[in-house]
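One structure below.
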Amino acid sequence: ILGEHLRICPQGYTCCTSEMEENFANKSRSEFEAMMKEAGRSVQTTLTAQHRSFDSYFQDLLNKSEKALHDAFPSMYGELYTQNMKVFKDLYGELRRYYRGSNINLEEALNEFWTRLLERLFKLLNPQYHITDEYLDCMVKHAEQHKPFGEVPRDLKVKATRAFIAARSYAQGFLVGSDVVKKVSQVSLSHECTRAIMKLMYCPHCRGMSSVKPCNNYCLNVVKGCLANQADLNTEWKYLMDSLVVVADRIDGPYNVDTVIGTIHMRIAEAISNLQENKDSLTAKVFQGCGNPKISTKGSSSEDKKRRGKVALEAKSSAQALEMLVLDAKGNLTALKTYWITLPGTLCSKKVMASSAADDKCWNGMTKGSYLPEVMGDGLANQINNPEVEVDITKPDMTIRQQIMQLKIMTNRLGNANIGNDVDFQDASDDMSGSGSGDSCPDDVCGKRLSKSPSTRQPETHAIPKQSGHGINGASSRSLPSAFLLLLSVAFIAAQHLWR
């Protein structure tokens, strides 16, 4: 029949009624959105599987360390351990909460552990004295300068904080990436895209050409126009993938979690042995600084409790498992780097089943023949002259812009983790109120803008550090008016001199 009633397909002779055309439009829309979600689910599955593998590995390391401590310490230290079991359990509890994302200052948590342990062990090692809480406060102040546990607390703090910061950021990065893909894949097609997809996929049916495939370049222009906003994720997405690869190298290198996390119990045992060996000199120095405590009325009947434990603990290395995890992750992350800009080609070749680029017997939007227009570039700005889809390049999709910001925030967290700096893991939406003008960076570039030593402050609560050149803060911004006035004054004096 004549196709004058058609609103999307070419109005030549057709075998489609208006109702059929509308049904095809709805069908093409739902099918294309399903393709997007299916492609997204594949990426989500990869990222969540990587997260699950690393999370399981890391939690297992921590659990084995704690179990080794609880199994060995009673026989090694007797009441030195059994009367202070809660101190050790609390430490591992804090480490787990930190890794899971709680807003905990890890360095403070470790300092608190050593302080509590020192207080309790000092009392147990000196049972003949009555030691009050006030005396313990004084003892801690005097003892710390003498390093009662040797170099273990300082060494463990440096290594453990870097390892935990890297591990937490790394695990979080996979989840953020997966969440971004999920949200972006659910963005609905515009009215213009629905028409373009219908024309691409089902208008050949209305012309009696159901077996004719769309021209590949024609398909690319339609899909690139419809997924223009999604393609704008490409830059920040690549930065996130690169940052995860860099932190993966840290986890299996300088911040090796297998070596650090798997041996926490051994370092604690070493520290307690140091304290036992230095007990007499430490006690003498504390008494000199704080005075002699009163003799306890209970007497000195606890000599047998001062068991000298030998560090006979072993750490079962899982370095090979970690190496395999990191290698697998890096392979997947590298493969996903170009996901958003290769998506149109993937959908056209695998889902829409477009013909080859050189085919001159394909559906070009009007009839069976070749397709002449050039293929548009990627992203919103490149769609201004798209011949197949009318795209308003002045109105970016806000959902996708928000997800671009989430990628920036996570990349900056990984940049901080890469150099051992702590960042507070608050809800990503809260981070939106932070300074979001900073450019993301894939690896050590982030580090060059920040301090090069592990954080000893409270974790940062902003997501994206203020960048140099993106606004001057503090005294420097306040000095601008005075400098400007000084410049004007000099110019005025020079002008007077010339006039004379």
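The values are calculated or read from the model by the stated rules, or taken from the named source; none is laboratory data. These figures come from a predicted structure and were not determined experimentally. Because the Cβ atoms are built from the backbone with ideal geometry, glycine has one as well, and the counts that use them run over all protein chains shown. When the accessible area is computed, the model is the full protein with side chains, heavy atoms only, and any ligands, DNA or RNA have been set aside. Shrake-Rupley method; radii C 1.70, N 1.55, O 1.52, S 1.80 Å.
Annotations for the structure displayed:
- Carbon/sulfur fraction of accessible area - the stretch 81-194, other protein chains in place, 1.4 Å, %: 47
- With R₀ fixed at 56 Å, the C-beta to C-beta distance from residue 22 to residue 56 puts the FRET efficiency at about 0.65.
- Applying 1/(1 + (r/R0)^6) with r as the Cβ-Cβ distance of residue 103 and residue 399 and R0 = 22 angstrom yields a FRET efficiency of 0.20.
- The label point for residue 112 and the one for residue 71, both projected 7 Å from the Cα toward the Cβ, are 2.9 nm apart.
- Estimated inter-spin distance, residue 249 and residue 49, nm [label 7 Å along Cα→Cβ]: 2.5
- Calculated FRET efficiency for the pair residue 334/residue 259, C-beta based, R₀ 22 Å, to 0.05: 0.30
- For the stretch 88-115 versus the stretch 262-277, the gap between their alpha-carbon centres in whole angstrom: 18
- Other-chain or far-sequence residues with amide H under 5 Å of residue 130's (modelled H): 294, 295, 296
- Inter-site label distance for residue 42 and residue 188 at 7 Å from Cα along Cβ, in nm: 2.7
- For the stretch 12-69, the convex hull spanned by the alpha carbon atoms encloses 72 Å³ per residue.
- Positive contributions from Lys and Arg (+1) and negative ones from Asp and Glu (-1), summed over other residues with Cβ under 9 Å from the Cβ of residue 411, come out at 0.
- Around residue 391: net Lys/Arg minus Asp/Glu count, Cβ-Cβ under 14 Å: -4
- Peptides ranked, highest mean first, by Cβ atoms within 10 Å: ranges 93-103, 239-249, 107-117: 239-249, 107-117, 93-103
- Alpha-carbon centroid distance for the pair the stretch 15-46 / the stretch 362-381, whole angstrom: 20
- Formal net charge of residues neighbouring residue 155 (Cβ-Cβ distance under 14 Å; K, R +1; D, E -1): +3
- Contour minus Cα-Cα distance for residue 63 and residue 370 (0.36 nm per residue): 104.2 nm
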